[in-house]
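Just below is one structure, and these are the notes that go with it.
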Amino acid sequence: MGNRYKRVIKKGEIIAAARRCFAKHGFARTTVEDIARVVGIKAGSLYHYYDSKETIFREVIIGEGKEMLGWLKGEVTKEKTAKKKVLRYIRARLEHFRSMTNLLDVSIQVVVEVAPLVDKLYREYLDQEVSFLAGIINSGIKDGSFLPCNGLRIASAILTMSESVKYKAFRMADTLSASEVDYSAVDKEVSYITELILAGVAND
């Protein structure tokens, strides 16, 4: 087994351990020493693989993002019409985000602070989401559910709106914990505006 392969395996072990630690203690209370202890190495050795807890957290988010996209696509298949698929997708992605913040016990401050670390990754995932959502809208155009329109622009508008509503809720929250944000209110507002957007292109 080559050194490069061993390094990949060890990094995977560190990320798996970090995810367990974040789930048990939360991001703020988890230390590099905690993660190293679970892996079975010294904290100093862990720094040969990752330079900070924030970098490890970023890798956890990358893994979550990949899982999220696969899960969301599976959720969409449960619906039959294009409109219901779009609404299911938007509500499911918010539910996934809520579940992730609960799991990692992430504070709103951490969500804001870690944003620059994952900004490029976030844009890449969002591009993939826009493309997938546009595909659903375009299928609705083909089957006559929607009027001819620019599916990419509609998808981009819906996702941009969803993110804006979510982060507005963060900024206005009376709590410091992202898991305590009123996601039911966010869900209602996002669903309502999404339905308004889709009503504008509905072929009634």
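Values in this text are rule-based calculations from the coordinates and carry no lab data. Computed from a predicted model, the values in this text were never measured in an experiment. Every residue, glycine as well, gets a Cβ built from its backbone with ideal geometry; the counts of neighbours run over all protein chains shown.
What to note about this one:
- Subset of 11/85; 6/85; 78/188; 80/166 violating a 32 Å alpha-carbon distance limit: 11/85; 6/85
- Fewest-first sequence of 34, 182, 204 by Cβ atoms within 10 Å of each Cβ: 204, 182, 34
- Taking 18 Å as the straight-line reach from the Cα of residue 24, the aspartates and glutamates in range (excluding those fewer than 8 positions away in the same chain) are 13, 33, 34, 54, 59, 64, 105, 180.
- Residue 12 sits among other residues whose Cβ lies under 12 Å from its own Cβ, and their net charge, with Lys and Arg +1 and Asp and Glu -1, is +3.
- Among 14, 9, 197, the ranking by other beta carbons within 10 Å of each residue's beta carbon, starting with the fewest, stands as 9, 197, 14.
- Counting neighbouring Cβ atoms within 10 Å and putting the fewest first, the residues 21, 149 line up as 149, 21.
- In order through the range 46-57: 3J(HN,Hα) via Karplus (6.51 cos²θ - 1.76 cosθ + 1.60), integer Hz, x for Gly, Pro: 4, 5, 6, 10, 9, 8, 6, 5, 5, 5, 5, 4
- Backbone geometry of the range 21-29 corresponds, through the Karplus equation with coefficients 6.51, -1.76 and 1.60 at θ = phi - 60°, to 3J(HN,Hα) couplings of 5, 4, 5, 7, 10, x, 4, 5, 8 Hz, x marking Gly and Pro.
- Amide hydrogen neighbours beyond the local backbone of residue 202, cut-off 5 Å, H modeled: 147
- The range 1-51: relative contact order in percent, alpha carbon pairs under 8 Å with at least 6 residues between: 34
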